[in-house]
Structure formats: structure tokens, C-alpha cells
1. Give me the 1.4 Å probe accessible area per residue for the chain, excluding ligands and nucleic acids, in Å².
2. Which percent of the accessible area of the chain is formed by carbon and sulfur heavy atoms (probe 1.4 angstrom)?
3. How large is the charge dipole for the chain, taken about the Cα centre, if only the Cβ atoms of Lys, Arg (+1) and Asp, Glu (-1) carry charge, to the nearest 20 debye?
4. Nearest 20 debye, what's the magnitude of the dipole of segment 9-112 about its Cα centre given +1 on Lys and Arg Cβ and -1 on Asp and Glu Cβ?
5. With point charges of +1 on the Cβ of Lys and Arg and -1 on the Cβ of Asp and Glu, referenced to the Cα centre of the chain, which listed residue (Ser212, Cys97, Asn48) lies farthest in the positive direction of the dipole?
6. Karplus couplings for segment 152-166 from phi (6.51 cos²θ - 1.76 cosθ + 1.60, θ = phi - 60°), rounded to Hz, Gly and Pro as x?
7. Considering Cα pairs under 8 angstrom that are at least six residues apart, work out the relative contact order of segment 101-258 and quote it in whole percent.
8. For Ala264, enumerate residues with amide H under 5 Å from its amide H, sequence gap 5+ or separate chain, H modeled in the peptide plane.
Amino acid sequence: MLFNAEEMASVYHFPLPTTETPNILWLTARKAPAPVNMPNEGIILGRNVYRNIETLIRLKKADRRRHVYVIGMTGSGKSEFQKNLAIQDIKNGEGVCVIDPHGDLVQDLLGHVPKERIDDVIYFDPSDYERPMALNLLEFSTPEQKGFLINEMINIFDKLYDLKATGGPMFEQYMRNTMLLMMEDPESGSKLMEISKVLADPDFRAYKLSKSKNPVVNDFWQKEAEKAGGEASLANMVPYITSKLTPFIANDLIRPIIAQQKSAIDFRKAMDNKQILLINLSKGKIGEVNANLIGMVIIGKILIASLSRVDMPQEERADYYLYIDEYQNLLTDSISIILSEARKYRLNLTIAHQFIGQLVKNNDTRIRDAVFGNVGSMVTFRIGA
């Protein structure tokens, strides 16, 4: 019998979703087997089931040192994925730092800390009125760190206030020299609180200058700042700079944290001793600007701590895992440095956010380029068109 195409189609056709035929197993997505060379050790990402053969998908330590980048829409499982990795690290005795902008992730992790590791936990919650933990942004252990800290602070203010529009070279010059003068004698105070004091109080500035041995800083204050019109000129500069500090100094929640000279957390010690740092930056409790400031400061401190490991042989540096959720809020140049250089110092990054556009600010693609140029492993959840 000869059939035409229409008759042929009526004799045999593939089942449609509307076909009510029993015993049809629908394949909702195409499945592939696990790679043949899947490692047998390392952290477990998930499991692959193919033709009833189950294979655990793992990521080796050496691969994690090249960093892990997680992207996906809100609600697609990024935080849960990071939580599962962090729980395994904690149970494996690794050093972990989790920076969480919502608070739920670190609360969940607290419940997974084994009894024998309780003493390793450092829980930092800026919304805790009763017991504020100090975090001095300008604290340093070696003179070489001064320049890095000052650049980091200016980068943070640039991220918070967009200094190209609200700052300028004068802001940077006065801010930089104020911080350098404060750092010359940390004993008499080198905290954010003192910046406006140095600018507005001639007696305090004179006291600081008497302690300073840096000729460049002394020349700036004694010759340039006074030459530009003395105290009257400085009086014009003060509100220009202090207006950017007021949201933190005037905030009852943040002031006790930044007004102490000695930081509560020794980040180098935490890294070397494989401690568990849980940073709860819940925006609902402390506000977005405060959460971003503290988050960026902590990332800068962790970077300085990792770079200071240059004084120990590479094989003695313990791996330290830094997890940052919603990390588009904490973008500074530190992230680029961590991505490109921190592998040698065993600081391993796992970062998560929602869409690529979040990595570009004012057409500046440096951080996006650093991410895609350096990240070794990408984990992609459901993403936008």
C-alpha cells in the first residue's frame, strides 16, 4: 500500500504532552553522564544519575584555589548551594569566612558547626547593641600596610559616594594626608572618628604633628594647608569631607564598632588557625550603606591578612575559603586583587550574584573582566534571557 505524508502521519506519530497514554516516561531535560575523569576526593557539588548509575560530582582543592563563581536569578538556589559547600568545609576542619547580606545563611551555618569546632567560631553581628565588636578600618601591623589601607578606604568611599562626582583631587589629598597623620601615632588614635577631629581641631592636629616623623605629611599640614588660607580654608574643607563620614559616626549602631582602636578580630590569626568567621550583615537590621561599608572593610582586611602570608613558605599556608553572597554590593578593587593574586596565598573565593550587569558600574568593566578572566569554575543556575 502506498501512503501519502498525511496518511503516514496518522498511522504513526510521536506522543504529545496532551496524549493520555499510560507508561510513557517523559524526559524533562536531556541528561548526560558524569565525566570519566571525575576526581574521587574534594568537596561535593552534587550527584549525577545517568542510566541508574550515581556519581558524586566533586571539586578538588587545587581547582577551588582558582575560585568559584556562582550566577543565577533570585530564588534559583545560590545561597543553598553556598551553604552546602560551607557546611562541608566546616565539617572537614577547614577555615571559612561567610559574608552574608541577609543573615539567614550564617544563622543556618551556626546549626551545622560540630561540637569539637565550637571554639573556632567568630560570629560578627553589627546589630548586637549589647556587645559591639570593634573593627578599626585604619589598623595596621606593618608600615607597608599603611598605603594599602588608605587606598582601600578611598576606594570604599568611591563605591559608597562616587567620588568622581562628589570628591575630586582636593578631597583625596586632604583625606589621604589626614589618615597618614593619624597613622603616624596610632596610640593617640587612628580611627574614622579622628578624621574630622584632625581637620576641625587645631590643638589636636598640632598634637598629632608633634608625634609625626613623616616629613611629607608634616610639610603638607604646616605649609600647604596653612598656605591655602589657614584655618579658614580648612573650615571650608571640613564639611566637604566629614559629610561623607557622618552617616557612620552619627549612627548609634555603627559608632561603637568603629570607635575602638583595637579590632576584635585578628584576620591573619583566623586564617592561619582555620577559624570559622560568620559575618551577619543583615541589611534589614543595620541598613544598606552600613552593611556595605562593613562588608567592604572586612574584605579589605582579609586581603591584607592573606597578602601578609608572604612571610611563611607556600606549603605552610592553610587554605582559607571566603564565601560572599550578593557580592555586587561589595565590589572594590580588592575583589580584583583576590581573583588575580590571592591563589598563591591560599585565599579561595566563592562568590555569588544574580546577573552580569551588576558587575559594571559607570561603564567601568574592570571587575567584570577580572571575574571572567580569572575564575576557574563557574556554576550557572537559571539566568535571564
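The values are calculated or read from the model by the stated rules, or taken from the named source; none is laboratory data. Quick caveat: nothing in here was measured; it's all calculated off a predicted structure. FYI the Cβ positions are ideal-geometry reconstructions off the backbone, even for glycines, and counts take in every protein chain you see. Areas reflect the complete protein model, heavy atoms only, side chains present, ligands, DNA and RNA absent. Shrake-Rupley method; radii C 1.70, N 1.55, O 1.52, S 1.80 Å.
1. Working: 20080 Å² over 385 residues.
With the other protein chains kept in place, the chain gives 52 Å² per residue.
2. Numbers: 10570 of 20080 Å².
In the chain, the share of accessible area belonging to carbon and sulfur is 53 percent.
3. On the way: 46 positive and 48 negative charges, 129 e Å.
Computed about the Cα centre, the dipole is about 620 debye.
4. Details: 13 positive and 10 negative charges, 99 e Å.
Here segment 9-112 has a charge dipole of around 480 debye.
5. Highest projection toward the positive end goes to Asn48.
6. Once θ is set to phi - 60°, the couplings for segment 152-166 become 5, 4, 5, 4, 5, 5, 5, 5, 6, 10, 6, 5, 4, 8, 10 Hz.
7. Values: 113 pairs, mean separation 43.1, N = 158.
For segment 101-258, the relative contact order is 27 percent.
8. Ala134, Leu135, Asn136
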